[in-house]
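Peer 1: Before I ask anything, here is the structure I am working with.
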Amino acid sequence: MPPLRAALLIPAALVAVSALNPAQAGGGGPRPAPATTCRDGYVRPDFTALKAQLTRARTQWNAGRPASYTYDLRQIAAPVLFPETRVTVQAGRVTRTDLLPGQQGDPNPLAAQTIDARFDELFQTLQRQSRAACPDVQVSFNPALGYPTRVYSGMGDGGIADGFGEWSIRNFTPLK
């Protein structure tokens with residue numbers, strides 16, 4: 001075979017081998033993941049605004065937080081809906097969790113958190129979601145005390161229905 005023809009065939013052979021999947025080419029490595037496409041109408045959350053809102057709410061909470069309180073927690077870690085649970089905090093520590101009337105099973109194993117721990121969890125959620133391709137985050141806070149009343153975190157990629165998380169706080173009651 002003439003040297004020029006051989007020189008032209010080698011790059012063509014390399015292109016053909018690289019077009020095979022890694023296992024066929026002998027690489028055995030993972031294939032790149034397809035690009036994520038956000039669902040129609042998706043709007044990326046403003047993480048700068050969400051983090052500023054969190055900072056304001058936590059400052060408000062720190063200024064007037066009671067050392068002892070109870071709150072009722074409703075939580076979904078899709079596809080699991082946990083039993084609604086009352087959390088009791090005394091002197092800044094969770095001292096008990098109890099099922100709310102009408103609920104069955106054991107108290108939510110994820111419920112035993114102070115409001116301060118919930119703020120920490122929300123901060124971590126915002127950090128993690130800000131790096132995601134199609135994050136969906138919604139938060140709201142109590143206007144009087146600043147504690148979070150609802151947090152939703154999922155993906156706006158039109159994927160499967162599970163894989164999101166949400167919790168809400170109701171009946172927050174300071175204790176004496």
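Peer 1: Can you tell which of Q124, Q129, Q104 is of a type outside the set (V, I, T) and in contact (Cβ under 8 Å) with a residue 40 or more places away in the chain?
Peer 2: So the residue among Q124, Q129, Q104 that is of a type outside the set (V, I, T) and in contact (Cβ under 8 Å) with a residue 40 or more places away in the chain is Q129.
Peer 1: Does A91 qualify as being touching a Gly at 6+ places or on another chain (Cβ under 7 Å) and loosely packed, with under 15 Cβ neighbours inside 10 Å?
Peer 2: When the stated conditions are applied, A91 does not pass them.
Peer 1: Residues to consider are R128, R86, R150; find the one that is in contact with an Asp or Glu (Cβ under 7 Å, 6 or more places away or on another chain) and of a type outside the set (G, A, S).
Peer 2: The match here is R86.
Peer 1: Could you count how many residues in region 125-137 are open to solvent by 30 Å² or more (accessible area, probe 1.4 Å), at pLDDT below 95 and either closer than 15 Å to G165 by Cβ or part of a helix (DSSP H, G or I) (or both)?
Peer 2: Adding up the residues that qualify gives 1.
The values are calculated or read from the model by the stated rules, or taken from the named source; none is laboratory data. Computed from a predicted structure; not experimentally measured. Note that we place each Cβ from the backbone using ideal geometry, even for glycine, and neighbour counts take in every protein chain shown. We work out accessible area using only protein heavy atoms, side chains counted, and drop any ligands, DNA or RNA first. Shrake-Rupley method; radii C 1.70, N 1.55, O 1.52, S 1.80 Å.
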